[in-house]
Amino acid sequence: MTVMDVSNFHGSPALSPRQAFLRAMAVVHRLPLLAMLRHALEENRPGRPAELPVEAFLVGTLYYALLHPKDDMHLTKVSNEVLQMSPSMKWELGLKKESTYRKVHSDFTRIVRLFDDVQHCAHTHPTIDKETGEVLPCPTNCPHPDLNAHTFLNQLLDASCNPHPPDTTHLAIDSTAYESWAKLRFTERLETEDQNPGTKNPDEEDSVHESQRPRGFPRGLQPGNKTRYTKDPDAREGYRTASDNQPGRTFWGYDIHLLTNVSKDKTVIPHLIRSSAIARAGSDTTTEAGLKAIDSFIEARSKSDPSRPPIKVLLADRGYSLHLAKYWQLPLIQRGIAQVLDLTEQQRGQHPSAFTRTVSIDGGLFVDALPKIQRELPGVDFHTPEPQRKANQALHDRRLAYAFRPSSKIDPITGTQRFKGPALSGTLRCKNNKKSQRGPHALPLTSCAPGCACSKTLTLGPENQARERQWPLFGTTAWAKSYARRTAIESVNAEIKHHRAGFKRGYTHVFELTKNTILLAFGLTATNILILRDWHFNRNEQDPWADPQKEEPWEFGKKPPKTRAARRAKLKDLIQQSAEADPGPKNNE
């Protein structure tokens, strides 16, 4: 077999139409929902057979997303790309006639209606009697409750992580804004009907007069306690955080919640989109959608291999961790997940403690022997210069000697966890504990009065600052190294918006949550496939999705020898060598 010389390539070669088709076929055939979709849309539907099989629609849409990852996901473009397929591809898809836009749109509409019917618990999925042609009612063991847009999205993502995704127990979560294609309809007082969504004044809320409300929409609030300002019935008002390219502003649309894997050590792994949830924009849907994405990942992992480890550590930003503990932190504890989070200025500092002779600072529990100079420490800002940042972390590390350390895992049922005092853990010497006094003299020595908490074992429950509690403690070097891994999810956001795909306003020209979820699913799936392709190429490895029987393998050529950089001499050594070689002028006698 011939090989493809890629020794002069700076990145992986672009996918050919045949390669994109093979990958789309492989992913769709790994989709567990494919059999259910065939059953619901082809085998048990009244009327004549569908002109475009559902499998052909799925393959054709993903095929387009792989060939044109940065182009908009429009059904017109999908139909044009399917029309230009080679005859062999059309034969493999079972296309006996040309695929027009009407056929593509018809398949898309039928899938949307099927998902919407299940979502609203309207079990109207008929079963056709093959012998009599009679239409029977929905059976009692109807498989359609498993059919919805969210499940479809996550099954596609799981199928795209081929062949063996990183098996790490540490993950990061974040959300990114996706603006609806619908235009914002302003009130008559603004003397305009349509305007750019980014120019709305966030101070103008629902207190406007009835005559000034958006025209053409019902009065009052829509589901989710948000006012509807566009023709998109599911688009809601959200806030886009500031970035280097643009300031923070409000927008109208959806939030895409993404879950990616991060390394728990120095191992380098590809950051793939392991799970996702698309919800209406707004802070009231953040925790629900985030937990939905986490549950989908846990379910997919348990089905593929029950022996694979579950999620142990989750890195989340303040968009999630600032919510009340009963909405975010406690559900994570119930799932056995420990969180690494950043604290705001209001969460930091000293807070009342439920135990005597202890103080609660920055989400951690300390003995009251902690010096007052170490109780108010500066926070950790990753944008500060490295010397200053490390100096702040050293101050937090020094405070660890007085901290209670976890001695057990969090009980997922009661939410309680046992902590032992610093004298028991051997991090300080206490006069009330003789064993601790035998420790190294480098450990701090306390002058506690009898009855101190240095040698106690305490049980902290969900009511004891569950929202701020974490281990490693906030601000320490271990915490900074762990939380810094959250940049992995930021890179994934950049992948879908700039590098691999073009998730911007107008990427999809459809309204409603279900329709956007289905089309965005193909863009996220194609992003995973392209990330894996480039990641292996940069390490002189073959594409894991490549079929060795049908594709040319890559030939990387000879690797250049590793040369050691010349060691630079220190300045003081050069001065000393010059002094020895030239002792200076001699005295004339």
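The values are calculated or read from the model by the stated rules, or taken from the named source; none is laboratory data. Predicted model only: the values in this text are computed from it and were never measured. Neighbour counts run over all protein chains shown; Cβ positions are idealised from the backbone, glycine included.
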Taking the range 150-184 and the residues there that are among the small types (G, A, S) and within 15 Å of L34 (Cβ to Cβ), the one that is surrounded by the most Cβ atoms within 10 Å (Cβ to Cβ) would be S160
On the basis of being farther than 24 Å from L341 by Cα, in contact with a helix residue (DSSP H, G or I) (Cβ under 6 Å, 6 or more places away or on another chain) and crowded, with 23+ Cβ neighbours inside 10 Å, does A526 make the cut? yes
Identity of the residue in the range 238-286, surrounded by fewer than 21 Cβ atoms within 10 Å (Cβ to Cβ) and among the polar types (S, T, N, Q), that ends up modelled with the highest pLDDT: S263
Answer with yes or no whether A279 is touching a residue at least 40 places away in the same chain (Cβ under 8 Å) and out of contact with any helix residue (DSSP H, G or I) (no Cβ under 7 Å at 6 or more places or on another chain). no
Residue count for the range 250-287, restricted to those that are assigned to a loop (DSSP other than H, G, I, E, B) and farther than 23 Å from K504 by Cβ: 9
In the set R485, R469, R505, the lone residue that is surrounded by fewer than 21 Cβ atoms within 10 Å (Cβ to Cβ), assigned to a loop (DSSP other than H, G, I, E, B) and either in contact with a strand residue (DSSP E or B) (Cβ under 9 Å, 6 or more places away or on another chain) or not assigned by TED's automatic domain parsing to the domain that holds L58 (or both) is R505
Scan of the range 479-504 for residues that are free of Cβ contacts under 8 Å to residues at least 24 places away in the same chain and not β-branched (V, I, T), ordered by number: K481, A494, H498, H499
Report yes if some residue within the range 55-78 is closer than 16 Å to V28 by Cα, among the polar types (S, T, N, Q), touching a Phe, Trp or Tyr at 6+ places or on another chain (Cβ under 9 Å) and touching a residue at least 24 places away in the same chain (Cβ under 8 Å); otherwise report no. yes
Name the single residue that is surrounded by the most Cβ atoms within 10 Å (Cβ to Cβ) among those in the range 448-462 being out of contact with any Gly (no Cβ under 6 Å at 6 or more places or on another chain) and free of Cβ contacts under 8 Å to residues at least 40 places away in the same chain. A449
Taking the range 86-123, which residues are of a type in the set (G, A, S) and part of a helix (DSSP H, G or I)? S88, S106
Subset of the range 79-100 that is at pLDDT below 90 and small (G, A, S) - its residue that is farthest from A24 (Cα to Cα): S99
From the set of residues in the range 439-454 that are over 19 Å from I361 (Cα atoms) and among the small types (G, A, S), which is nearest to the chain's Cα centre (by Cα)? A442
Consider only pairs whose beta carbons are under 6 Å apart and that are at least six residues apart or on different chains; among these, list those whose first residue lies in the range 359-370 and is of a type in the set (D, E, K, R) and whose second residue is in a strand (DSSP E or B). D368/V359
Could you check, for the range 441-460, whether at least one of its residues is within 30 Å of I311 (Cβ to Cβ) and of a type outside the set (S, T, N, Q)? yes
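Quick one: which strands (runs of 3 or more DSSP E) sit completely within the range 331-438 and have at least 3 residues that are within 30 Å of the chain's Cα centre (by Cα)?
Filter on the range 331-438 gives 338-340.
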Pick from the range 7-25, criterion crowded, with 18+ Cβ neighbours inside 10 Å and hydrophobic (A, V, I, L, M, F, W, C), ranking: farthest from F152 (Cα to Cα): L15
